[in-house]
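J.: Got a structure for you, questions after.
The values are calculated or read from the model by the stated rules, or taken from the named source; none is laboratory data. Keep in mind it's a predicted model, so treat the numbers as computed, not measured. With ideal geometry, Cβ positions are generated from the backbone for all residues, glycine too; neighbour counts draw on all protein chains shown. Keep in mind that these areas ignore ligands, DNA and RNA; they rest on the heavy atoms of the full protein, side chains included. Shrake-Rupley method; radii C 1.70, N 1.55, O 1.52, S 1.80 Å.
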Amino acid sequence: VLHCSSASLSKLWRAASIQLLNRNLRSLGFLTPQPKFVLTMAAMIPPAQLQELQQEKARLFAEFIEMNPPHFTGEDLVAKWEELYDDTIASAVVKTSQGPSSDDANPVFPYEKLRAVLGDGGNWKWPRMWRQLDALERRGAAYRQDESLNFGLPNKNPGIRAQRCLVVGGGPCGLRLGIELALAGHSVMIFEKRREERGPMGELKKLGFTCRINRLHMYAYIRQDLANLNGKEFMSREACYPVFTEPETTSIGVHELQCLLLKNALLLGVDFRLGACYSSAKPRLEAGSLLPQWRVECSYDEMAATRYLRSQQTSKAVEDFDALIGCDGGRSGVRLTQAKHFGDVERKKFVDLVGIVANVQKVSRKRLRELGFEYGQEPSDMNRTKLAFPAFFKEVQDKAGADIETLIYYKASHYNYLILVPKREDLVRHGLSGRVYHFGVVLERAAQDARSEEKVKLKRYVRKILDAVGIPIDDQLENGGYVEAPNDVMAFDFSECWTTTTPINFNFPALVQGDATGHRGLVGRQQSGAATGSSSHLPFLAVCGDSVQEPFWPLGLGISRGWQGVMDTCYALDNLYNKSCYTNILGKPEDAISWQEHFEMHREQLALNFKWGNKLQISPELSKGEYDDQGLVVSHWHRFAKECEKPTISLEVDPYARYEIPAKERMRHLAALSKDPTWIHPRVQRLHNMCRYYEEVEQRLKKGQEVVLEKRLISLNGLAVALHRQFARGLRKLPTPMAPLKAWDLAQEAKEHVERRCSTSSVSSSSTVVPLHSKVPANLPPRKKAELAMLRVQIENLSKNLAACHQLEREILASAAE
């Protein structure tokens, strides 16, 4: 070696690496069944090149995670993602339980490719972040058999047939819907037309999709849902404070929520197309199978056309989708273009009220003391109505001369948020015209209209009320202490509220035949006959969020209804072709249920879901955001998984886990199952399995032992990567064996005890074992019950083995006699 040239040493190193790699691949079972992974010298990626790529991508990923409002916008996030997740990272092939990944046959999420390349990136937060993403429960096609991320539990809904979905609108509901659909294995594309534009001097010319800074009421279960989506890792410390840290605050900014959800959506493979605008859609029949699809006409702005259409000559495009879902707000383009399919719009009249929204800049502690606020502290959040606090509103009227019905105040890290609800006549009395600034109009005109006389009067009116109730505002700051227009002061008409009566619709009149791609050739409401045209066919169509019902902001119900609507839409699409979903209700096996029966039952269930969601009849546990201390989950946690943290509640697609009426029926069913001493609640079982999983991995790492890695990087750009211990803290494999749906501790302890007793006991081969009790005594302790159950299983297995041996003995003797 000492006398070798550098070129010769390089060849020797590459040859040795390839030999080692091929040996490792062969031991993992890749080379025998899949000879295409036999590597040549030219197929290796140089370590120096890989290390350089890892360092660059780790830097970009860190920047991507740290991008948060108000310093960055949604446009910044999308641009950074395009730089991070380029063709090189997209080409990554990783090892899975079903073999090497493939974007077509065996896809993995983008975050799994990034993790395979980056590992923990030298950042102590990243393993926790990867763990949170791993904990998101997969179902349908996203569930991969024998994968560690299943934590020993089965696929919750194996009957899901993946659809190609278009979600119009990149607001909170559109992004949350995209995340949940991706976790079910659906292919999701989101159109968002609003792109921020600024002039050469930084002046705002056009507002972007994360321009809204209004704050949403934070329900306990939504807070937990956001925590499960890496809220504490993806949001800035300042943004986390009023959401997760400060118990007195109960709100989150719309732009903060959008950026959090956008990060999750991109990491989970949602195709987010900024600059894409939905125009119209028509049903069509897919060639060959006659399955209805949406033919969507859309347009792209200049930047989006260059990226997605690879052309600067045209901005028009046509795309085909299986499902069309509008999450594009009160003036929904989907609802307007498909109005005949959504039924009548119900309108409710209220008192002639106007809602005023104001966003006020934060005031420094020093300035707060100068303004007379003791200790330089702001007041706590307020949510008050005249009916409940008459004395408070009487004082406001005396000091400010304003007759208001409701006042809501949320404080945040970068600004404070205020909602006032006066009667229109009170505005007129203060010299205002009662003119309403609709938010859509505000987005288009307010930047040029910020100092109009009418708006200046509105600011003065709000300022009087702020002073009367003791909310700080500093007129020495820019824009008189308000934030930048158009989010400074706005007014909305709350005198009328409308609701879409049929938010989900579909119709499949033909029973088609064909092979197709998973669900092709399966659908039709009629049991005979063929389609004669596309006019009666209606592919899956839905609206969600504010597109369904105009929110009444003072009540703060919009986000809760929106989140329930997201889950209801996922439930509708997940079970669109899943006849096994209603076998218990119909009392028939899946094969005996006709498509007509299935679709009629599906529509009935969806109507009930909409009714419950509209009235927010949420189960008590979900409403509180935690499991009942006297409930089944906590009881099983105390019995079987006390060493783990108390289980946190998760928002589920199944309406029987979310709504109060069906949740009671579900609890009765689970209570009946709990009578079996070996049964354990699936939520506790999953938590327990996760604890054992991570504990065993941590123990191996502490002892310096090799951790067998799943989702290990195999190749980049077709160049193989040498197998080594890649970032073990970020990539973990589930220890085996895993006991699904059994009381782990009791079963394991009973098994070991029985084995010890059997090894020390001598039983005559001629003796007959007769159980003392055919039934388990009621007074037997749980551990003894588990021990008895395990012992009887072993007795049964031994009896079967003995019978098989006797049969084999007879066959051998019979053959000898012949």
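J.: How many residues does the range 363-406 contain that are in contact (Cβ under 8 Å) with a residue 12 or more places away in the chain, assigned to a helix (DSSP H, G or I) and among the basic types (K, R)?
T.: Of the residues in the range 363-406, 3 are in contact (Cβ under 8 Å) with a residue 12 or more places away in the chain, assigned to a helix (DSSP H, G or I) and among the basic types (K, R).
J.: Identify the residue in the range 522-569 that is assigned to a helix (DSSP H, G or I) and hydrophobic (A, V, I, L, M, F, W, C) and, among all such residues, is modelled with the lowest pLDDT.
T.: W553
J.: Could you list, ordered by first residue, the pairs with Cβ atoms under 7 Å in which the first is in the range 298-318 and of a type in the set (K, R) and the second is outside any loop (DSSP other than H, G, I, E, B) and open to solvent by less than 50 Å² (accessible area, probe 1.4 Å), at least 6 apart or interchain?
T.: So the pair list comes out as K316/S299.
J.: Name every residue in the range 102-139 that is closer than 16 Å to L266 by Cα, among the acidic types (D, E) and buried (at least 19 other Cβ atoms within 10 Å of the Cβ), in order of residue number.
T.: Within the range 102-139, E112, D134 meet the criteria.
J.: Let me ask something additional. Restricting to the range 550-569, name every residue that is under 27 Å from G140 (Cα atoms) and open to solvent by 10 Å² or more (accessible area, probe 1.4 Å).
T.: I559, R561, G565, D568 - these are the residues of the range 550-569 that are under 27 Å from G140 (Cα atoms) and open to solvent by 10 Å² or more (accessible area, probe 1.4 Å).
J.: What tally of residues in the range 77-100 results from selecting those that are open to solvent by 10 Å² or more (accessible area, probe 1.4 Å), touching a residue at least 24 places away in the same chain (Cβ under 8 Å) and part of a loop (DSSP other than H, G, I, E, B)?
T.: Qualifying residue count for the region: 4.
J.: Quick check on A281: is it buried (at least 18 other Cβ atoms within 10 Å of the Cβ) and modelled with pLDDT of 95 or more?
T.: Here the answer is yes, as A281 does meet what is asked.
J.: If you take the residues in the range 629-662 that are more than 26 Å from G185 (Cα to Cα) and aliphatic (A, V, I, L, M), which one is most open to solvent (accessible area, probe 1.4 Å)?
T.: Among those that are more than 26 Å from G185 (Cα to Cα) and aliphatic (A, V, I, L, M), it is I661.
J.: Still on this structure: Of all residues in the range 333-344 being out of contact with any strand residue (DSSP E or B) (no Cβ under 7 Å at 6 or more places or on another chain) and either in a helix (DSSP H, G or I) or without any contact (Cβ under 8 Å) to a residue 12 or more places away in the chain (or both), which is nearest to F508 (Cα to Cα)?
T.: Looking at the filtered set, the residue picked out is K340.
J.: Which one of the conditions (1) touching a Cys at 6+ places or on another chain (Cβ under 7 Å); (2) open to solvent by less than 10 Å² (accessible area, probe 1.4 Å) does L291 fail to meet, given that it meets all the rest?
T.: Failed condition: (1).
J.: Could I ask something else about it? Can you give me the ranges of the helices (runs of 4 or more DSSP H) entirely in the range 570-628 with at least 1 residues that are touching a residue at least 40 places away in the same chain (Cβ under 8 Å), open to solvent by 10 Å² or more (accessible area, probe 1.4 Å) and among the aromatic types (F, W, Y)?
T.: Helices (runs of 4 or more DSSP H) meeting the threshold: 595-614.
J.: Quick check, is L12 in contact with a Cys (Cβ under 9 Å, 6 or more places away or on another chain), open to solvent by 60 Å² or more (accessible area, probe 1.4 Å) and either charged (D, E, K, R) or modelled with pLDDT under 90 (or both)?
T.: yes
J.: Taking the range 180-233, which residues are open to solvent by 20 Å² or more (accessible area, probe 1.4 Å), among the aliphatic types (A, V, I, L, M), assigned to a loop (DSSP other than H, G, I, E, B) and touching a strand residue (DSSP E or B) at 6+ places or on another chain (Cβ under 9 Å)?
T.: L207, I213
J.: Could you check, for the range 324-332, whether at least one of its residues is under 30 Å from T569 (Cα atoms), without any contact (Cβ under 8 Å) to a residue 40 or more places away in the chain and among the small types (G, A, S)?
T.: Scanning the range 324-332 turns up no residue that is under 30 Å from T569 (Cα atoms), without any contact (Cβ under 8 Å) to a residue 40 or more places away in the chain and among the small types (G, A, S).
J.: Can you find even one residue in the range 28-45 that is open to solvent by less than 60 Å² (accessible area, probe 1.4 Å), modelled with pLDDT of 50 or more and not in a helix (DSSP H, G or I)?
T.: yes
J.: Being more than 10 Å from F151 (Cα to Cα) and modelled with pLDDT under 90 is the filter here; which residues of the range 677-699 pass it?
T.: P677, T678, Y694, E695, E696, V697, E698, Q699
J.: (1) without any contact (Cβ under 8 Å) to a residue 12 or more places away in the chain; (2) in contact with a Gly (Cβ under 8 Å, 6 or more places away or on another chain): which one isn't true of A239, the others all being true?
T.: If we test A239 against (1) without any contact (Cβ under 8 Å) to a residue 12 or more places away in the chain; (2) in contact with a Gly (Cβ under 8 Å, 6 or more places away or on another chain), just (1) comes out false.
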